[in-house]
Each structure stands twice: as structure tokens, then as C-alpha cells.
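Working notes, beginning with the structure itself.
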Amino acid sequence: MIELEKTYLLKFVPDGLHNCENKEIIDIYIPKTREHPTLRIRKDGGKFEVTKKEPVTDDSSKQMEQTIKLLEEEFKEFQKLDGKVVHKIRYFYKYQDRFAEIDVFQGELKGLVLIDFEFDTEKEKDEFEMPDFCLAEVTHEFFLAGGMLCGKSYENIENDLKRFNYEKIIV
């Protein structure tokens, strides 16, 4: 499956975010020795899966994604692997005719908030205008890819975030 999306940094917390449906996500990227692992084991609320996600071309907004569902007991076995972990709370925020997935990072990455919008067609993606609660589009910023964030702290990426005048946001 090809995934079409755009990613943004949050500028300010939009009204009503705390009332939105949300879920806890725990990602474990393996192998730990790889700079940008593309294999992800995920706890997604009450669902569990393993996903391999790689760019189709040089365009990071197009990803080839292959997913296999897991049982909770299988996830718990994968959790024993020595991988790089990312912990976040994902909010589903209604914006115009779609939902934004607003990821509020926890733990060592606390203060980082990313927003993803997914699209059905290239045309939709290309015509989408950045919402006012977003600071900058960062779809093509390699340092913010899930596999690059895993195992890092906010301090590790702070200088890169300063290029966008991003300031830590605590939700």
C-alpha cells in the first residue's frame, strides 16, 4: 500500500484538542544498530502490529507500507527485543473534512508535537493548505522520521527544530 501524507510541526494547541479521541502508541524500531530502522513493532491503543515502511522514491510523502497484525502476546515477545523506543499520545483532531493525527511525544521527546494528514490522492495532497495551528511543513525532514526519532531525546533534535523557530510545547 502507498501512503500519501504531509507532516507539520505544531505552532499552538488547537481548541478542543483535549476533548478529542486519543490513544497511546508505543513504537519499537529494530534493529537498534541501524541509524534509521524501517521495521516497527507497534502497540496502537489495543491493537498490535509489525510494519515495514520505506520511501518509494526520493519523495518522503510517498511510502511503501506493509503491515502484519499481531496478537498482544506476540507484541509482548517482540517487546523483549533490544530496539529503539518512541512513546506518544495520538489525538484525532477534526479539521475541515478530515482528521489530523496529532502526536504528542512522551518521555525523552516530551515537548515535540507533530501533525500528520493523510490523503487518498496526489491531487488532494498537493492542494492541501497548511492549517493555522501548524508552524511548518516537515514532511521531508529526515531527522523527524519515526525511525530517526526513536531512541533520541528532545535535546538531540533541538538544534534542528530551531531552524523552524519551533519552541517546546507541553500538552
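Computed from the coordinates by the stated procedures, all read-outs in this text should not be read as laboratory data. Keep in mind the model is a prediction, meaning the values are calculated, not measured.
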| task | Before rounding to the nearest 500, sum -39500 (n - 2.57) across all DSSP H runs of length at least 4 in the chain and divide by the residue total; then give [θ] at 222 nm in deg cm²/dmol. | result | -3500 deg cm²/dmol
| query | If you wrap the chain's Cα atoms in a convex hull and average its projection over all directions, what's the area in nm²? | reply | 9.9 nm²
| task | Please list the equivalent ellipsoid semi-axes of segment 82-127, computed as the square roots of five times the alpha-carbon gyration tensor eigenvalues, in descending order and whole angstrom. | result | 26, 13, 8
| field | Cα gyration tensor shape for segment 47-132, rounded if a/c is under 1.5, else prolate or oblate | value | prolate
| query | Once phi is turned into ³J(HN,Hα) by the Karplus curve 6.51 cos²θ - 1.76 cosθ + 1.60 with θ = phi - 60°, what whole-Hz value does each residue of segment 66-80 show in order, with x for glycine and proline? | reply | 10, 10, 10, 6, 10, 7, 4, 5, 5, 4, 4, 5, 4, 4, 6
| task | Please tell me the relative contact order of segment 15-171 in percent, rounded to the nearest whole number, where contacts are Cα pairs under 8 Å and at least six residues apart. | result | 21 percent
| said: If I model segment 1-86 as equal point scatterers sitting on the Cα atoms and use the Debye formula, what is log10 I(q)/I(0) at q = 0.11, 0.14, 0.17, 0.26 Å⁻¹? | reply: -0.40, -0.63, -0.88, -1.24
